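Chemist: Let me give you the structure first, and then I'll get to my questions.
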Amino acid sequence: MFFLLTSFVVVAVPYAIERFGLRVRFGLFALLFWLFVFQFVLIFAIDSLLQNLATVLPGWLESILTTLGGFAFVSIGITPVITLVLAAAYLLFALGQWLFDRDEKDQPTPQTHFTIAIDGPAASGKGTLARRIAEAYGYHHLDTGLTYRAVAKALMDQNMPLDDEFLAEKAARSVDLSKLDRTVLSAHDVGEAASRVAVMPAVRRALVAAQQGFATRPPGAVLDGRDIGTVVCPDAPVKLYITASPEARARRRYEEIKSNGGGANYEEILQDLTRRDARDMGRTDSPLKPAADAHLLDTTEMDIETAFLNAKTLIDQALAKNTH
Ligand code: C5P
């Protein structure tokens, strides 16, 4: 009975300990401790048996047995003590390990990189928002529109046709992300040409590969474009889709050109934007659309700071989830 009970304890204790997260190595302590108890019980059982026998045995045999029993008692009695010392040492070791492990587990897993995907039509405010977020969080920023513009510009500079997929793909493979010059690439005709080369799957494949490499830069990257949340970074923990009415976007573009001292016609800008939206949303490969899990932000009546604060709340929530 005693043996059954203790065996149960030997099995149940490590199991229970493991269930409570203390790791199975505590089981060895339980086993050693059980051995200690068992050895003691055994010694006392043998001792009392010898004492009972002594009363019925002749005197000479009793004295021999008592002498032998004394030796046995001393030698056997040492083993439970050794077992107890081992068990105590092991318990200390296991406790130390457990505390050390727990401290390690308490440390938030360091994030190597965090990606924020921002999509939306031209002049929706996504570029300004992306820059603001990247600056606030110390992340890298890539305006992926510039990569399509760089392809278009390379073809235009060499007087090459904009619809030759082979040449366009070659140009796309040579785009250097560290050498995208916004001043040169932001020209209106370059944007128009970019949306033409952007319909070609081979161009998209080459640029998307480069953009995906950029997205893994530590500590984080903000990418803005048309297909970031849907194609380039479908697993990004934060996806934003920025919209605004075509009129609001055309007005923004108009005022931007005016403030830079340029001449602009609001109606023409509106027409251009509408045409570009139709091409970007209607193409078969990676059309502009919000990812299923994107957060929509309509900036028609919203200033950049309010848009940033909205985005910040979402980003902070995702960051908190990522580190726990
Ligand atoms: O944003 P931006 O006006 O600089 O983009 C120029 C063109 O590049 C867009 O009209 C679109 O056709 C294309 N583009 C794209 N996918 C992206 C970014 C831009 O197709 N991720």
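The values are calculated or read from the model by the stated rules, or taken from the named source; none is laboratory data. What you see is a predicted model, and the numbers here were worked out from it, not measured in a lab. Here Cβ is always computed from backbone atoms with ideal geometry, including for glycine, and neighbour counts include all displayed protein chains.
Chemist: For residues that are exposed (fewer than 13 other Cβ atoms within 10 Å of the Cβ) and within 18 Å of Gly120 (Cα to Cα), tally how many sit in the stretch 253-275.
Modeler: Looking only at that region, the number is 1.
Chemist: Can you tell me which residues in the stretch 265-276 are within 16 Å of the ligand (Cβ to nearest atom) and touching a Lys or Arg at 6+ places or on another chain (Cβ under 9 Å)?
Modeler: Correct list: Ile269, Leu270, Asp272, Leu273.
Chemist: So, in the stretch 283-316, exactly how many residues are in a loop (DSSP other than H, G, I, E, B), more than 16 Å from the ligand (Cβ to nearest atom) and of a type in the set (Gly, Ala, Ser)?
Modeler: Taking the stretch 283-316 first, the residues in a loop (DSSP other than H, G, I, E, B) are 283-294, 299-303.
Those left that are additionally more than 16 Å from the ligand (Cβ to nearest atom): 292-293, 300-303.
Next, from what is left, pick out any that are of a type in the set (Gly, Ala, Ser): 292.
Residues meeting the conditions: 1.
Chemist: To continue, here is another question. Condition first: of a type outside the set (D, E, K, R), under 34 Å from the mean Cα position of the chain (by Cα) and either surrounded by 11 or more Cβ atoms within 10 Å (Cβ to Cβ) or under 21 Å from Leu273 (Cβ atoms) (or both). Now tell me which residues in the stretch 175-184 satisfy that. Break it down into steps so the answer makes sense when it comes.
Modeler: Looking only at the stretch 175-184, we keep the residues that are of a type outside the set (D, E, K, R), and these are 175, 177-178, 180, 183-184.
The next check asks that each one be under 34 Å from the mean Cα position of the chain (by Cα); those that pass are 175, 177-178, 180.
Correct list: Val175, Leu177, Leu180.
Chemist: On to the next question. Scan the stretch 139-164 for residues that are in contact with a Gly (Cβ under 8 Å, 6 or more places away or on another chain) and either away from the ligand (no atom under 11 Å from the Cβ) or outside the structural domain of Arg182 (by TED's automatic domain parsing) (or both) and jot them down.
Modeler: Tyr139, His140
Chemist: Yes or no: Glu247 in contact (Cβ under 8 Å) with a residue 12 or more places away in the chain, over 20 Å from Val190 (Cβ atoms) and away from the ligand (no atom under 16 Å from the Cβ)? Full working, then the answer.
Modeler: Working: in contact (Cβ under 8 Å) with a residue 12 or more places away in the chain: yes; over 20 Å from Val190 (Cβ atoms): yes; away from the ligand (no atom under 16 Å from the Cβ): yes.
In short, yes.
Chemist: Can you find a residue that is acidic (Asp, Glu), in a loop (DSSP other than H, G, I, E, B) and over 23 Å from the mean Cα position of the chain (by Cα) anywhere in the stretch 255-271?
Modeler: Just the residues of the stretch 255-271 that are acidic (Asp, Glu), to begin with: 255-256, 267-268.
Pick out the ones that are also in a loop (DSSP other than H, G, I, E, B) and you get none.
Within the stretch 255-271, none of the residues are acidic (Asp, Glu), in a loop (DSSP other than H, G, I, E, B) and over 23 Å from the mean Cα position of the chain (by Cα).
Chemist: Same structure, new question: Specify the residue that is farthest from the ligand (Cβ to nearest atom); the eligible residues are those in the stretch 194-239 that are over 22 Å from the mean Cα position of the chain (by Cα) and assigned to a loop (DSSP other than H, G, I, E, B). Can you show your working first?
Modeler: Pass one, the stretch 194-239, residues over 22 Å from the mean Cα position of the chain (by Cα): 194-207, 225-226.
Now drop any that are not assigned to a loop (DSSP other than H, G, I, E, B), which leaves 198-200, 226.
Details: Ala198: 3, Val199: 8, Met200: 10, Arg226: 4 Å.
Among those residues, the one meeting the criterion is Met200.
Chemist: Shifting gears a bit: Considering the stretch 166-185 alone, what residues qualify as being of a type in the set (Gly, Ala, Ser) and within 13 Å of the ligand (Cβ to nearest atom)? Don't jump to the end; show me each part of the working.
Modeler: Of the residues in the stretch 166-185, the ones of a type in the set (Gly, Ala, Ser) are 168, 171-172, 174, 178.
Selection gives Ala168, Ala172.
Chemist: Among Leu146, Leu129, which is the only one that is in a helix (DSSP H, G or I) and either more than 27 Å from Asp298 (Cα to Cα) or out of contact with any Lys or Arg (no Cβ under 9 Å at 6 or more places or on another chain) (or both)? Explain how you work it out, then say what you get.
Modeler: Values: Leu146 fails: either more than 27 Å from Asp298 (Cα to Cα) or out of contact with any Lys or Arg (no Cβ under 9 Å at 6 or more places or on another chain) (or both).
Only one candidate qualifies: Leu129.
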